[in-house]
Amino acid sequence: MGKKVYFITSFAFPRYDAGATRITMLARALLERGHEVELCGMGDNTVFEGIPCRTLNPYRLNRIFNSISWHLLGMSCVAYAKRIIDKADVVVASSLPSSSTDRIKALCRDAGVAFAVDCTEWFSPEEFPRGDKDPEYADHVRLLTEVIDSKVKVIAISSYLERYFAQKGCSVLRVPSVLDYEEFDPTTECCPQSAVVSIVYAGSPGAKDSLGVVLDSIGLLTREDLDKLSFDFYGVSEADLLRYVKSGSALPRCVHARGRVPRTEVIMALESADFTILMRDPSMRFAQAGMPTKVTESLGCGTPVIANITSDLGDYLVDGRNSLLVGDYSSKACAQAVKRAVNLTLDERLSMRREAFKSMRSGLDYRVYADVLEDFLFGDEA
């Protein structure tokens, strides 16, 4: 008999952000195993792919009331937990304030309901306006170091978080950045067709993605190499990119800033590209504790990745097969990887596209984790 699982989070359903997409994948994994799931977050009140979505923010489109709803997030998610606790077998929290997570944990304990937290980040102070003095950062650290204790089940996105919580005595399951391979239709047989190698970056870099290293690497390439390259940056404006180059310098001719575009256009760009590119500073804790969804998305589009190894990417990226790995975190090493891409034959690029999609389907599709997730949350009760 199926169990009832409630996911409570600050993400916006249905899948308005990467966090909501991850929770939806976990929910679909349980749904396919015969369990009932319900999602509650800051998005819409709707039914999405057969999954009920409840909202903590019915005024999302009103600027003033939307702001009020965010300020009341902690109270609202606890109130929702109180309403559903008697019907729940498991409650999974994600990206909630530490105090409200603690209160939901207590509600579950008193009701005899299993409580889990999906943990996908360990932020670094550099990501916050006031660094380690920022209240939001302090709350995040309290969640990870105090609220999540040995009585909490943890779904961890990385081995870094898996090790940390296991050392605290938590029951931990590692589920990486998973997606649905059926949502992608990689055009492996249609691409590549051009001698020009197209490389795409898609996302909002913030403090995580090192676009400066990527742009510096382009400046190290020869004119002959640059004539064979096209770099397209989606989600990034030209003004954004110019902040990463030397003052007064222009962007190279092969670099195109596409700005913010609809997600459908981004996916089409990924599917037709030869490579995506991603560089992150491996010395930063966020780079080791998280796992970039954009890598899974790229592989799902049948597009190999140029990247340095952070987090658990080494478990999924194989140099020369579904990726070109950057030897170290430097512009010089990145330029060497891009130069390798330029020198690949059309057949080699096509082979890497096939391998990219194959690796996503076999290791980063949510179905791969359905059984272990069910066993983790329910054990012999499933």
Problem - Cα-projected label distance for Ala166 with Arg253, points at 7 Å along beta-carbon direction, nm - result: 5.3 nm
Completion exercise
Expected max-MSF residue from Gly50, Gly300, Gly320 in the GNM of the chain (alpha carbon, under 10 Å) is Gly50
Handout entry: Efficiency of FRET from Cβ geometry, Asn66 and Ser99, R₀ 22 Å, rounded to 0.05
Key = 0.55
Problem - Distance in nm between pseudo-label sites at Arg243 and Glu146 (7 Å out along the Cβ direction from Cα) - result: 3.3 nm
Handout entry: Residue of Met42, Met25, Met268 that the Gaussian network model of the chain assigns the largest fluctuation, springs spanning Cα pairs under 10 Å
Key = Met268
Completion exercise
Here the relative contact order (percent) of the chain, from C-alpha pairs under 8 Å and at least 6 apart, is 16 percent
Fill in the blank from the handout: Given the candidates Val154, Phe184, Ala195, the one whose Cα lies deepest towards the positive end of the charge dipole of segment 71-196, counting +1 at each Lys or Arg C-beta and -1 at each Asp or Glu C-beta, is Val154
Fill in the blank from the handout: Options (1) 44, 22, 19; (2) 38, 23, 19; (3) 41, 35, 18 are given for semi-axes √(5λ) of the Cα gyration tensor in Å, and the computed one is (2)
Practice task
For every helix of n ≥ 4 consecutive DSSP H residues, a contribution of -39,500 (n - 2.57) applies; sum these over the chain, divide by its total residues, and give [θ] at 222 nm rounded to the nearest 500 deg cm²/dmol.
Solution key: -11000 deg cm²/dmol
Exercise for the section: Order by neighbour count: Arg349, Arg22, Arg15, Arg163, fewest other Cβ atoms within 10 Å first, most last. Expected result: Arg163, Arg349, Arg15, Arg22
Completion exercise
So, with points 7 Å from each Cα along the Cβ direction, the Asp134-Asp315 label distance in nm works out to 2.7 nm
Problem - Added length on full extension, which subtracts the Cα-Cα distance from 0.36 nm per residue, Val47 to Glu32 - result: 3.8 nm
Practice task
Run through the DSSP bridge list for the chain and note the antiparallel percent, rounded to the nearest 5.
Solution key: 10 percent
Completion exercise
Here the FRET efficiency for Asp371 versus Ala79, based on Cβ atoms and R0 = 30 Å and rounded to 0.05, is 0.35
Exercise for the section: Fewest Cβ neighbours within 10 Å first, please rank His35, His71 accordingly. Expected result: His71, His35
Problem - Peptide ranges 96-104, 302-310, 55-63 listed from the most packed, as the mean C-beta count within 10 angstrom indicates - result: 302-310, 96-104, 55-63
Exercise for the section: Using Cα pairs closer than 8 Å and at least 6 residues apart in sequence, work out the relative contact order for segment 256-366, in percent. Expected result: 26 percent
Practice task
Output the relative contact order of segment 182-363, whole-number percent, from Cα pairs under 8 angstrom with separation of 6+ residues.
Solution key: 27 percent
Practice task
Treating only the Cβ atoms of Lys and Arg (+1) and Asp and Glu (-1) as charged, compute the dipole magnitude of the chain about its Cα centre; round to the nearest 20 debye.
Solution key: 680 debye
Problem - Residues Val197, Val326, sorted so that the one with the fewest Cβ neighbours within 10 Å comes first - result: Val197, Val326
Exercise for the section: Check cross-link reach from Lys105 to the lysines: straight Cα distance under 28 Å, and skip same-chain residues fewer than eight apart. Expected result: Lys3, Lys4, Lys82, Lys87, Lys133, Lys151, Lys153, Lys168
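A short reminder: the numbers here are calculations on the coordinates, not readings from a lab. The model shown is predicted, which means the values in this text are computed figures rather than measured ones. Please note: Cβ atoms are built from the backbone with ideal geometry, for glycine as well, and neighbour counts cover all protein chains shown.
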